[in-house]
Structures are given as C-alpha cells and as structure tokens.
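Okay, structure first, notes after.
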Amino acid sequence: MSDLLKIFIGSMLVDNVVFMQYLALCPFIGMTGETGKATGMGLATTFVIVLATAVTWPIYNLVMVPLGLQFLQTLFFILVIASLVQLVEFYLKKSAPALYSSMGIFLSLITTNCAVLGVTINCISKNYTYAESIVYALGSAAGFLLSMVIMSGVRNKLKTARVPKSFDGTPILFVAAGLLSLAFLGFKGLIK
C-alpha cells in the first residue's frame, strides 16, 4: 500500500478526528439531528480543513520557521481558519441559502472547530510534506464527514427507539458516540 493511501485511510478511519481524537464534538452532537444538515456541515468543514491545511503548511514552513516564529503557530492558524470560514459563509449564503440558515450559529463555529485547528497542527507535528499534509487533511475531513453521517443515521433510529427516561436526549447521544468510538477502535490494526 502506498504511503499516501496509508495516510488517507489512517486519518479517516484509524485516527478519526471525532471517534479517536475526540475533536469537534460540538458540531458532532449539535448538527447531526438531520442527515442533510450533518452532510452540509461535514462538507463545509471538509472544505475548510483541506483549504486551511493547504494555506497553513506553507505559511509555517516557508515563513514562520525561517523567521523563528513557530511560537505563534496557533495564532496564525486561527486567523487563517477564521478567514476561510468567512469565505465559506459568503459562498453558502449566496449559493445555498436554505443550508446557510439551517446551519445557523454552527457555521460560524467552524472557526473554533478544534478539528480544523487540530488537523493543521497534526500535519506540522507529524513532519508531513505538503502532499502528505493535503492527503492527511482530506482523510481527516472524510472521517469527520463519515462520523457526522453515521451519527445522523443513529439519531434517526433513536427517534423511534424506546430510550429510558434517564438517557433521553443528550446522554443517549454520548452513549452512542462511545459505542461508535469502540467500533472505530477495531480499525487500529488496519494500517501497519
């Protein structure tokens, strides 16, 4: 298996940002009530993750490292991510107003989505090349989208399930998320 394919599968399944790294739980719980919203949020976040990685990797390696500004990494990355989210908001407002309004505050919260920042920082900490970073970002974003769609399916099933009153609402979602995390743990031996 090629290295890039290993990175992609590893970041999507083995090291899934939601189920294995426990990042982006806010949109994971908040936006998975309907499959359409979950998919829209997943696609918008995918776009931001990949674009943020494509922009932050060169900034870090070509500007910050030569100038000795690595300690400003988080600040620079957050500024880049916030700018990209604004672009996504403008685009969705014009091209998909229904999706834009259904996402509400969660669209703006992509700016502080720890999965976006986490993926960009992981690319740097793993010493990936530019191509490897883009593949890692694509895999992580696909894993985020996958987790959103899976959870929306689980939530649809939970609407008709008999859930004990003490677990009704958010508690059963976290129980389901924990069980999904255990299921994704089964992918650990997939990549060697």
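The values are calculated or read from the model by the stated rules, or taken from the named source; none is laboratory data. Because the structure is predicted, anything quoted here is derived from the model rather than measured. Backbone-built Cβ (ideal geometry, glycine too); neighbour counts: all protein chains shown. We work out accessible area using only protein heavy atoms, side chains counted, and drop any ligands, DNA or RNA first. Shrake-Rupley method; radii C 1.70, N 1.55, O 1.52, S 1.80 Å.
Of all residues in the range 35-66, none satisfies the criterion of being open to solvent by 60 Å² or more (accessible area, probe 1.4 Å) and of a type in the set (S, T, N, Q). Taken over the range 109-134, the criterion of being in contact with an Asp or Glu (Cβ under 9 Å, 6 or more places away or on another chain) and either farther than 25 Å from Leu173 by Cβ or charged (D, E, K, R) (or both) is satisfied by Asn122, Cys123, Lys126, Glu132.
Per-residue answers, yes or no, for (1) over 18 Å from Phe144 (Cβ atoms); (2) at pLDDT 85 or above; (3) out of contact with any Ser or Thr (no Cβ under 6 Å at 6 or more places or on another chain):
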site	(1), (2), (3)
Asp3	yes, yes, yes
Phe8	no, yes, yes
Met12	no, yes, yes
Met31	no, no, yes
Glu34	no, yes, yes
Met64	yes, yes, yes
Phe76	yes, yes, yes
Ser102	yes, no, yes
Leu109	no, no, yes
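Of all residues in the range 172-192, those that are closer than 11 Å to Leu13 by Cβ have Cβ atoms under 7 Å from Cβ atoms of residues that are open to solvent by 60 Å² or more (accessible area, probe 1.4 Å) and at pLDDT 90 or above, 6 or more apart or on another chain, in Ile191/Lys6.
Tell me, please, whether a residue that is on the phi < 0 side of the Ramachandran plot, aromatic (Phe, Trp, Tyr), open to solvent by less than 10 Å² (accessible area, probe 1.4 Å) and outside any helix (DSSP H, G or I) can be found in the range 5-23.
We begin by selecting, within the range 5-23, every residue on the phi < 0 side of the Ramachandran plot; these are 5-21, 23.
Still in the list and also aromatic (Phe, Trp, Tyr): 8, 19.
Among the residues that remain, those that are also open to solvent by less than 10 Å² (accessible area, probe 1.4 Å) are: 19.
Narrowing the set further to residues that are outside any helix (DSSP H, G or I) leaves 19.
Yes, there is a match, as at least one residue in the range 5-23 is on the phi < 0 side of the Ramachandran plot, aromatic (Phe, Trp, Tyr), open to solvent by less than 10 Å² (accessible area, probe 1.4 Å) and outside any helix (DSSP H, G or I).
Where helices (runs of 4 or more DSSP H) fall wholly inside the range 67-172, the ranges with 1 or more residues that are open to solvent by 40 Å² or more (accessible area, probe 1.4 Å) and of a type in the set (Lys, Arg) are 73-95, 130-160.
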